[in-house]
Amino acid sequence: MGFKRLTALGFPRRFPIVQFPNLPLIVAFLAGEAAVFLHGDAHLYARSVSYLGMTIWAYEELVHGVNWFRHLLGLAYALVMVVRVAQALHA
């Protein structure tokens, strides 16, 4: 209950542009940072988890965002994630 209330905090209150990170975004950040320090298969797995977390976050913002700005932010990150995965597959 406390985590749910904490993640609902936003600024400014009437039109939240900045919000406390939700679970997929936290996982994406942590996995992305871990990937920096890992090598080989562990690096690839951590990067994949980071991409998956960002994709879930982008989808949630696109579909369930609290205002038009959050929907647009979700769409932008969804497109960025498509490009990043495509680049990773061609590397």
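The values are calculated or read from the model by the stated rules, or taken from the named source; none is laboratory data. None of these values were measured; they are calculated from a predicted model. For neighbour counting, all protein chains shown are included, and Cβ atoms are generated from backbone atoms with ideal geometry for every residue, glycine included. These accessible areas exclude ligands, DNA and RNA; they are computed on the full protein's heavy atoms, side chains included. Shrake-Rupley method; radii C 1.70, N 1.55, O 1.52, S 1.80 Å.
Every residue in the range 57-70 that is surrounded by 13 or more Cβ atoms within 10 Å (Cβ to Cβ) and under 14 Å from the mean Cα position of the chain (by Cα), please.
Across the range 57-70, the qualifying residues are W57, A58, Y59, E60, E61, L62, G65, R70.
Residues checked against (1) at pLDDT below 95; (2) open to solvent by less than 70 Å² (accessible area, probe 1.4 Å); (3) of a type in the set (G, A, S); (4) touching a Gly at 6+ places or on another chain (Cβ under 7 Å):
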| site | (1), (2), (3), (4) |
| --- | --- |
| V18 | yes, no, no, yes |
| P24 | no, yes, no, yes |
| L52 | no, no, no, no |
| T55 | no, yes, no, no |
| L72 | no, no, no, no |
| V85 | yes, yes, no, no |
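Looking at the range 8-36 only, could you name the residues that are more than 20 Å from T55 (Cα to Cα), of a type outside the set (A, V, I, L, M, F, W, C) and without any contact (Cβ under 8 Å) to a residue 12 or more places away in the chain?
Listed by number, the residues that qualify are P12, R13, R14.
Filter the range 31-50 for residues that are open to solvent by 30 Å² or more (accessible area, probe 1.4 Å), small (G, A, S) and assigned to a helix (DSSP H, G or I) and give the result.
A34, A42, S48, listed by residue number.
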